[in-house]
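Peer 1: Structure provided below as structure tokens; questions to follow.
The values are calculated or read from the model by the stated rules, or taken from the named source; none is laboratory data. Here the structure is a predicted model, which is why all the values come from computation and not from measurement. Heads up, the Cβs are rebuilt from the backbone with ideal geometry, glycines too, and the neighbour counts pull from every protein chain shown.
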Amino acid sequence: MARPLEYNATLVERVDLTDALSIFLILPDRLPARPWFAAGQYCVLGLNNMDDTALGSVRRSMSIASPPEDDGPIEFYIRRVARPESKNPLTHLLWSLRPGDRIYLRTVAAGVFARL
Ligand SMILES: Cc1cc2nc3c(=O)[nH]c(=O)nc-3n(C[C@H](O)[C@H](O)[C@H](O)COP(=O)(O)OP(=O)(O)OC[C@H]3O[C@@H](n4cnc5c(N)ncnc54)[C@H](O)[C@@H]3O)c2cc1C
């Protein structure tokens with residue numbers, strides 16, 4: 001079982017575009033000095049499963065949708081996976097969050113956006 005994550009960010013707002021696609025605006029407690037990511041990069045979001053603690057925590061990569069020069073919350077467009085592969089899908093936990101709830105956000109970006 002994955003060990004519990006220490007939360008370091010807050011869900012500021014969730015905008016539901018459809019039943020299965022939402023924008024999550026997440027503000028880390030401490031923002032790294034800008035620019036800490038480049039357009040097209042992703043970072044990691046995570047949650048502890050509090051309904052079934054035996055399942056522990058889950059972390060998944062998510063692409064950053066807000067511009068690197070923005071100072072405010074970081075924006076993610078997230079699709080809820082209806083038929084997950086794991087027993088502890090992050091998207092199902094995300095959909096139970098309300099503004100003000102806490103979350104884990106690894107503010108280390110990775111990935112290179114390939115321009116074809
Ligand atoms: C670079 C990158 C960027 C992404 N950006 C976005 C985004 O912007 N928006 C978005 O909606 N989704 C994004 N995804 C997909 C996202 O990371 C999740 O796969 C998706 O949200 C579903 O996760 P889930 O836990 O709900 O579903 P699940 O079906 O439970 O898991 C999804 C995937 O996670 C992997 N996985 C399953 N179990 C484990 C495990 N124990 N350990 C590690 N991996 C496991 C498998 O590959 C599985 O297909 C991105 C993925 C990658 C790789």
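Peer 1: Could you list, in sequence order, the residues of segment 4-32 that are without any contact (Cβ under 8 Å) to a residue 12 or more places away in the chain and not aliphatic (A, V, I, L, M)?
Peer 2: D16, T18, listed by residue number.
Peer 1: Here's something else I'd like to know. Of the conditions (1) of a type in the set (S, T, Y); (2) under 13 Å from the mean Cα position of the chain (by Cα); (3) at pLDDT 95 or above; (4) within 26 Å of P4 (Cβ to Cβ), Y42 clears all except one; give me its number.
Peer 2: With respect to (1) of a type in the set (S, T, Y); (2) under 13 Å from the mean Cα position of the chain (by Cα); (3) at pLDDT 95 or above; (4) within 26 Å of P4 (Cβ to Cβ), Y42 is out only on (3).
Peer 1: With S66, S86, S22 as the choices, which residue is over 17 Å from A110 (Cβ atoms), under 13 Å from the mean Cα position of the chain (by Cα) and of a type in the set (S, T, Y)?
Peer 2: S22
Peer 1: Within segment 59-94, count every residue that is near the ligand (Cβ under 6 Å from one of its atoms), buried (at least 18 other Cβ atoms within 10 Å of the Cβ) and of a type outside the set (V, I, T).
Peer 2: Selection size over segment 59-94: 4.
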